[in-house]
Amino acid sequence: MRSLLTAAAISLAFTLFLTPVFLRLFRAWGWGQVIRTPETGNNPRHGAKRGTPTMGGTIFIVGTIVGYFIGAYVGNNPPTISGLMVLWLMVGFGVVGFIDDYLKVRSQRSLGLSGWRKVIGQVIVVVPFAVVGLSFPNLAGTTPASPYVSVFRDVPILYFFALAPIIGWLIYLAWIMLIGVAASNSVNVTDGLDGLAAGAGIFVVGAYSLIAFWQFNQACAGGKVLQPDVQAGGYEVRDPFDLAIVSAAFVGALVGFLWWNAPKANVFMGDVGSMAIGGVIAAMAILTRTELLMVLVAGVYVIASGSVILQRLYFKLTRGRRLFLMSPLHHHLEMRGWSEVTIVVRMWIIAGLLAVSGVGLFYVEWLTRT
């Protein structure tokens, strides 16, 4: 518990108190936000945000790393392969986003990496993650990731390697890539209003920290319950406590960052931040073996990306008509006259309700097994 609280506290203090230092550096380096013009499809009210320091995601990425390692040291809980895998996806996706942001800032245009180049970069990061996920078993033979599709835990009939090993590996890699790319891009789509993506990320990753901590308290290994008072509902997850620590560190970093990112934002997270959030969410879903539950826990991001998909499908099917005034959904609400603060706070409420609902269903599933 000491590691958990220390990691969250250090990350919070880092982003809360050191963000102004980073902002001075960002201004000196010319890292100002590039805003699209109304002709290119952006809400004209966003023009006032031009020049606001961006790439702020680097702040909470560094804050998470610092908090995690200090927390692990203070609590005498050495980092595990699972915790390092979460950091890998966070940093790796963050690097892809950083390249995109840097290209925009350097050219002073809103066009950075093309969509496919982003996806290729994300795949390059995800593939090593997936391979390591089925390596490094612990003494009970449990690997960080699972060769099964999971909801609340592994689903026995949904086994990737039921066919030939090569086909199994291809299906498994495709599944992990889908989760990583979808989560990262969904958060990226949601990041359009001050504090929206960061605030929602606090609820989503916070929910996963609770899930991982519960799995630690109900941990099983090789079919045997580690704690004598735990019944048949134990979880075979490798390093659940370390997953709780790294996600708590990330939540703390996001809370401190939100102080400066809430409307009216002093700093934007940029693609480096939104993709890093997506990386943490994807990693936590995969490593806690709750992949399909992620659709509910991170439902606020699903709503945003889903609205973009619906807009494009409707546009093609109706040959030019639009379902929303503008996608994603939060921009549609802006065009309908909702204030930015109203949209952000209500989306936070939705994010909290969906995250709590996911944790609630996770707990109910455990009750049915005990």
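Overview of results
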read-out	value
Virtual paramagnetic centre 7 Å along Cα→Cβ of I167, amide N under 19 Å, in the range 127-151	147-149
Net charge dipole size for the range 185-323 [Lys, Arg +1 and Asp, Glu -1 on Cβ; Debye, nearest 20]	780
Debye-sum result for the range 130-189 in log10 I(q)/I(0), which assumes one identical scatterer on each alpha carbon, at q = 0.23 Å⁻¹	-1.03
Kirkwood-Stokes translational diffusion coefficient of the range 95-143, alpha-carbon pairs, 10 °C, 1.306 mPa s, µm²/s	124
Convex hull volume per residue for the range 242-291, taking Cα atoms only, in Å³	73
Amide N proximity, the range 58-85 versus M1 label position 7 Å along Cα-to-Cβ, cut-off under 18 Å	71-72, 74-77
Amide proton proximity set for A145, modelled H, under 5 Å, gap of 5+	L134, S135
Contour excess over end-to-end distance, with Cα ends at S357 and A174 and 0.36 nm allotted per residue	63.1 nm
Value of Rg to Rh for the chain (Rh from inverse mean 1/r over Cα pairs, i.e. Kirkwood)	0.97
Selected from A212, V295, N261, residue furthest toward positive end of dipole (the chain; charges at beta carbon)	N261
Shape category assigned to the range 188-335 from the gyration tensor of Cα positions, a/c cut at 1.5	oblate
Potential lengthening between V155 and V345 on full extension [0.36 nm per residue; Cα-Cα distance subtracted]	64.8 nm
Computed label-point distance, nm, for sites R336 and N138 using a 7 Å Cα→Cβ extension	4.7
Relative contact order (%) - the chain, alpha-carbon pairs under 8 angstrom, separation at least six	26
Carbon/sulfur fraction of accessible area - the chain, other protein chains in place, 1.4 Å, %	69
Global geometry of the range 266-370, whether rounded, prolate or oblate, following the gyration tensor of its Cα atoms and the 1.5 cut on a/c	prolate
Top of G337, G233, G32 by mean-square fluctuation, Gaussian network on the chain, Cα under 10 Å	G337
Partner aspartates and glutamates for K264 [C-alpha distance under 15 Å; skip if fewer than 8 residues away on the same chain]	D191, D194, E340
For the chain: accessible area per residue (Å², 1.4 Å)	45
Assigned charges on the beta-carbon of Lys, Arg, Asp, Glu; the chain dipole about Cα centre (debye)	1180
Debye intensity ratio in log₁₀ form over the Cα atoms of the range 124-268, taken at each q of 0.10, 0.14, 0.17 Å⁻¹	-0.45, -0.83, -1.09
Per-residue [θ]222 nm for the chain (sum of -39500 (n - 2.57) over DSSP H runs n ≥ 4, rounded to 500)	-22500 deg cm²/dmol
Theoretical FRET efficiency, 1/(1+(r/R0)^6), r = Cβ-Cβ of V119 and L367, R0 30 Å, to 0.05	0.15
Separation in nanometres of the label points that stand 7 Å from Cα toward Cβ, at V21 and R322	4.5
Trypsin sites (Lys or Arg not before Pro), loop per DSSP, at most 14 other Cβ atoms within 10 Å - longest free stretch of the chain	110-263
Sparse-neighbourhood loop sites, chymotrypsin sites (Phe, Trp or Tyr not before Pro) in the range 93-146 - DSSP loop, at most 15 other Cβ within 10 angstrom	none
Reference-scaled alpha-carbon Rg (2.2 N^0.38 Å with N residues) for the range 318-357	1.43
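The values are calculated or read from the model by the stated rules, or taken from the named source; none is laboratory data. Not measured: the values here are computed from a predicted model. As a convention, Cβ positions derive from the backbone with ideal geometry for all residues, glycine included, and neighbour counts pool all protein chains shown. Ligands, DNA and RNA are excluded from the accessible area calculation, which covers all protein heavy atoms including side chains. Shrake-Rupley method; radii C 1.70, N 1.55, O 1.52, S 1.80 Å.
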